[in-house]
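Student: The following block contains the structure, expressed as structure tokens.
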Amino acid sequence: MGYDNITTSCFNMKHTIESAQPLTFHSDYDAANGILTYPKEDRIVTVRHSGDHEKGSLRVDRRDRKEVAGRFRLSDNMDKVYAYIETDAFMKGATARYPGMRLTLNDPWETTLCFILSQFNNVKRIRATTKSIINRFGPKIYSDGVLVGRGFPSTEVLQKRKVSDFVACGAGYRARYIKAAAEYCTENLDLESLRGKSYEDTKEELLTIPGVGSKVADCIALMGYGKLEAFPIDTWVKRTMERVYFGGRTKKEEAIRELAFEKWGRMAGYAQQYLFWHGRQQG
DNA sequence: ACCCAGGCGGGCG
DNA sequence: CGCCCGCATGGG
């Protein structure tokens with residue numbers, strides 16, 4: 001069994017894992033030892049991070065090298081990203097506080113399910129519910145004949161379950177959205193077919209999924225398809241934008257979106273992740 | 001007890 | 001259209 005070491009620069013595993021992205025909800029992270037595990041198709045991926053955010057390395061099974069490099073967007077040049085988005089003091093403060101926090105790139109259905117669950121919910125419970133769905137309905141994963149975990153359940157599998165099955169997982173009123181979205185993505189919309197489309201076209205298609213509105217569609221576009229111009233506006237982003245850039249005045253979502261596009265353009269997604277996480281910690 | 005959570009869909013004016 | 005409200009449930 002061979003391992004690869006992937007060298008990293010400007011990569012902080014802790015901030016990246018913990019910042020309410022799909023990995024926050026379905027991976028296991030041992031922060032003290034820098035060990036991350038998560039399911040990917042028929043394997044449990046294990047990543048050992050050493051070093052710091054400036055210079056470090058990731059030790060992975062050779063078979064997972066591409067998956068891990070893609071998942072953490074290691075080919076993004078963060079110096080360029082920061083140069084692009086640090087257009088004001090607040091954003092400079094945010095990037096200085098969480099240097100090396102990356103956006104992640106995840107499977108579209110996995111992302112869709114996580115963010116349907118995220119609506120009007122808190123991080124802890126989103127995680128508990130996601131884990132419960134995986135543990136009950138995910139395909140078993142074996143290594144050398146030993147059960148080592150479960151994978152992310154497909155739309156086909158979840159579409160066959162009852163709404164009450166998702167209630168039992170703690171999904172609350174979102175249970176019917178999960179059922180409907182799984183049905184819809186099995187019968188009417190192949191999420192794989194959206195790859196390669198523009199941000200605008202991707203979002204338009206995603207909005208036809210039951211339980212997916214503007215914010216969740218932007219999260220899927222950003223973290224499921226890598227559309228970096230997507231700018232999800234949730235309660236924290238709205239609150240922080242109003243406080244920092246609009247003198248505390250209440251603004252409509254469209255006005256906030258316009259300013260974000262002016263300030264951060266094609267890197268708005270990265271700006272949003274820093275704005276969200278920094279703003280959230282500040283209260 | 002009370003408020004809030006990475007919002008959405010439906011109904012009303 | 002735009003606005004407003006209910007929504008399941010657990011954590012702080």
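Every number here is computed from the coordinates shown, using simple stated rules; none is lab data. These numbers come from a predicted model, not from an experiment. Here the Cβ is made from the backbone with ideal geometry for all residues, glycine too, and neighbour counts use every protein chain on show.
Student: Label points 7 Å out from Cα along the Cβ direction at A:GLN281 and A:ASN122: separation in nm?
Tutor: Here the answer is 2.0 nm between the modelled labels.
Student: Additional query: Take every Cα pair under 8 Å in chain A that's 6+ residues apart, average their separations, divide by the length, and report that relative contact order as a whole percent.
Tutor: Relative contact order here is 19 percent.
Student: Can you pull the one-decimal nm distance between simple spin-label points at A:LEU189 and A:MET1, each 7 Å off the Cα toward Cβ?
Tutor: It works out to 3.9 nm between the two label points.
Student: While we're on this one: Relative to the compact-globule scaling 2.2 N^0.38 Å, provide the ratio for the alpha-carbon radius of gyration of segment A:3-74. Let's see the in-between values first.
Tutor: On the way: Rg = 11.1 Å, N = 72, 2.2 N^0.38 = 11.2 Å.
Compared with the compact-globule rule of thumb, segment A:3-74 sits at 0.99.
Student: While we're here: Normalised by the residues of segment A:149-283, what does the relative contact order come to in percent, with Cα pairs under 8 Å and at least six apart? Please list the in-between numbers first.
Tutor: On the way: 121 pairs, mean separation 23.0, N = 135.
Relative contact order here is 17 percent.
Student: Same structure, new question: Over all pairs of distinct alpha carbons, what does the Kirkwood formula give as the hydrodynamic radius of segment A:179-264, in Å?
Tutor: Details: mean 1/r = 0.0716 Å⁻¹.
It works out to 14.0 Å.
Student: For chain A, take the alpha-carbon Rg, divide it by the Kirkwood Rh, and send me Rg/Rh.
Tutor: 0.96
Student: Distance between the C-alpha centers of segment A:260-283 and segment A:40-96? Whole Å please.
Tutor: About 17 Å separates the Cα centre of segment A:260-283 from the one of segment A:40-96.
Student: Can you pull the percent of Cα pairs in segment A:147-199 with separation above 12 Å? Before the final figure, lay out the partial values.
Tutor: Numbers: 936 of 1378 pairs.
Every Cα pair in segment A:147-199 considered, those over 12 Å come to 68 percent.
Student: Add -39500 (n - 2.57) for each DSSP H run of 4 or more in chain A, then divide by its residues: what number comes out at 222 nm, to the nearest 500 deg cm²/dmol?
Tutor: Details: 15 runs with 143 residues, N = 283.
Per the formula, -14500 deg cm²/dmol.
Student: Averaged over all directions, how much area does the convex hull of the C-alpha atoms of segment A:108-225 cover when projected, in nm²? All intermediate terms of the calculation are to be shown ahead of the outcome.
Tutor: Working: hull surface 30.5 nm².
Average projection, Cα convex hull of segment A:108-225: 7.6 nm².
Student: A:VAL157 versus A:THR87, label points 7 Å from Cα toward the beta carbon: distance in nm?
Tutor: Label-label distance for A:VAL157 and A:THR87, simple model: 4.3 nm.
Student: Please identify, among A:ARG195, A:ARG71, A:ARG59, the residue showing maximal mean-square fluctuation in a Gaussian network model of chain A using a 10 angstrom Cα cutoff.
Tutor: Largest GNM mean-square fluctuation: A:ARG195.
Student: Tell me, what is the percent relative contact order of segment A:82-183, built from C-alpha pairs under 8 Å that lie six or more residues apart? Numbers along the way, then the final one.
Tutor: Details: 84 pairs, mean separation 21.5, N = 102.
Computed value for segment A:82-183: 21 percent relative contact order.
Student: Output the pairs from A:LYS140/A:LYS203; A:LYS179/A:LYS215; A:LYS131/A:LYS179 with a Cα-Cα distance over 24 Å in this structure; if there are none, say none.
Tutor: Numbers: A:LYS140/A:LYS203 32 Å; A:LYS179/A:LYS215 20 Å; A:LYS131/A:LYS179 17 Å.
A:LYS140/A:LYS203, as the Cα separations exceed 24 Å there.
Student: To continue, here is another question. By how many nm would the segment from A:LYS80 to A:ALA255 lengthen if fully extended, with 0.36 nm per residue of separation less the alpha-carbon distance? Walk me through the intermediate numbers first.
Tutor: Numbers: separation 175, 0.36 × 175 = 63.00 nm, distance 2.66 nm.
Contour length minus the Cα-Cα distance gives 60.3 nm.
Student: Report, ordered by chain and residue number, the aspartates and glutamates lying within cross-link reach of A:LYS197, taken as a straight Cα distance under 15 Å and ignoring same-chain residues fewer than 8 apart.
Tutor: A:GLU205, A:ASP218, A:GLU229
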